[in-house]
1. In terms of Cα to Cα distance under 13 Å, which aspartates and glutamates are near enough to A:Lys314, apart from those fewer than 8 places away along the same chain?
2. Where does helix A:73-82 land angle-wise versus the long Cα axis of chain A, in degrees 0 to 90, nearest 10?
3. Using only Cα atoms, find the angle between the long axis of helix A:346-356 and the longest principal axis of chain A, and express it within 0 to 90 degrees, rounded to the nearest 10.
4. Based on other C-beta atoms within 10 Å, arrange A:Asp410, A:Asp318, A:Asp145 from fewest to most.
5. For chain A, what is the mean residue ellipticity at 222 nm derived from helices alone (per DSSP H run of n ≥ 4: -39500 (n - 2.57); sum divided by total residues; nearest 500 deg cm²/dmol)?
6. Distance between the C-alpha centers of segment A:1-46 and segment A:355-380? Whole Å please.
7. Which of A:Gly193, A:Gly157, A:Phe16 sits farthest toward the positive end of the charge dipole of chain A, with +1 on the Cβ of Lys and Arg and -1 on the Cβ of Asp and Glu?
8. Hey, how many Å between the Cα centroid of segment A:426-440 and the Cα centroid of segment A:300-354?
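Just so you know, all these numbers are worked out from the coordinates, no wet-lab data involved. Just so it is clear, the structure is predicted and the values come from calculations on it, not from any experiment. Please note: Cβ atoms are built from the backbone with ideal geometry, for glycine as well, and neighbour counts cover all protein chains shown.
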Amino acid sequence: MTLSLHNTLTRKKQTFTPLDAEHIRMYVCGPTVYDLAHIGNARPVVVFDVLYRLLKVLYPKVTYVRNITDVDDKINARAAETGEDIRTITQVTAAQFHADAKALNTLDPDFEPRATDHIGEMKIMIADLIAKGHAYVKEGHVLFDTNSWDEYGLLSGHNRDEIIAGARVEVAPYKKDAADFVLWKPSSGGEPGWDSDWGFGRPGWHLECSAMSNKYLGPEFDIHGGGQDLIFPHHENEIAQSRCSHQTDIMAKYWVHNGYLMAEGEKMSKSLGNFYTVHELLEEFPGEAIRLALLKTHYRQPMDFTKAGIAEAKKELDRWYRMIDGASASETPTDVIAALEDDINTPQAIAALHGLGDGSPDALLAGANFLGLLEQDPEQWFRGAGDGDLDEAAIDALIAERDQARADKDFAASDRIRDALLEKGVVLEDSSGQTTWRRK
RNA sequence: GGCGCGGUGGCGGAGUGGCUACGCAGCGGCCUGCAAAGCCGUGUAGACCGGUUCGAUUCCGGUCCGCGCCUCCA
């Protein structure tokens, strides 16, 4: 079995043939740090984490880069709105993002470059694009000249005419062509900015990914990932900038995009209030259950994310955690690897896991670990969750009291204690003369 | 208007031109003081209409419905 991935460039599932089999290079668009990550942001984080884990076992070396966008007009808007310092907003939000990513059991990328640390690289790329006739300066802006490159639109399937016809936004007067996009724009007032040959200003959104992927992975690399909504204009523009600047035939060989997410049957929107942040979901559910809920749907499939879905995922984890008590991970089952090699088919991999539980808990544990699941101790899983307004000593005392009642055959008293504990989210299980407990 | 994605059993969700997906929930039973957990058994599909085929959930065409993108949203 070999790895195959759906490539947006060809709209087909293709066998993955690395540029350099000794070193796989992957870039994934990371968060813009102006607000808490929502569950839609979490999907690519988890999906590409699985791909990263898979690549690491298939190839000797993998470099995974995920950027942090910390210069953006949404950040500026947030600062203006709350009066907070831009630096504070981006640092606090980035830290929160890391905490969320960790709670979802994701591995850290090898590099996590920030846009503001790479302004120099971006300015070099702009100058290069101007020199090569792919960009022009107008009214303090530098714009990419989409007419200068006839392959523009290949990724998204849009041609320039369609883009112009569909434009919902008034075309800025300084653009030669409605499809042209900004590489550098002037900053004023409290907006962050840097000095440049084209005046005090800041980079356009797409440029950072072109500059940073080049720095950490080179002008051509294997995989570029992100959400489907980034295909146009973000990734289309990245390709234009990178390929025109580096004069290459490709930027990334495979473009992998995850599907959109709805919440509770409706498209996520702040006005509807159905906007789950990872942070708030973590107050209610273990991160591992959220991770499994995300992986239960194939990454390209549209997904309706619901709390009921997380609750179901948690039940599956409960069952597995019971099965793996005392197990030690064996080699990763081939079924799991094979499913993932088939365009990251996580639902199939999970089904394979379900098939393993009965006979081979060691294999179940290994397969689950591979997916970033079942990494806790079963006891920690069952006892650590919950609100914990009842400490373990108090629970043990009540169990002892109940044991006495049971010994006295006072089952009414015994059941009263069990019901009281259940009310607090603690479930008792009597087995082989021993009473154990877990949090619901 | 243009481009694209999807519609599978009560729910979630894959593969597959013919054979049980899988999970959650339900139901019956075993076990248990009663539960819980576990075990055994069990029902329920492929939006709609045509076509291709010996045979279609799977391929082709159409209809209906849902969703996304079309200049900065994963």
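1. Cross-link targets: A:Glu284, A:Glu288.
2. 60 degrees
3. Approximately 20 degrees, to the nearest ten.
4. Taking fewest neighbouring Cβ atoms as first place, the list is A:Asp410, A:Asp318, A:Asp145.
5. -13000 deg cm²/dmol, from helical runs alone.
6. For segment A:1-46 versus segment A:355-380, the Cα centre distance is 25 Å.
7. So the residue we want is A:Gly157.
8. If we compute the Cα centre of each part, the gap is 26 Å.
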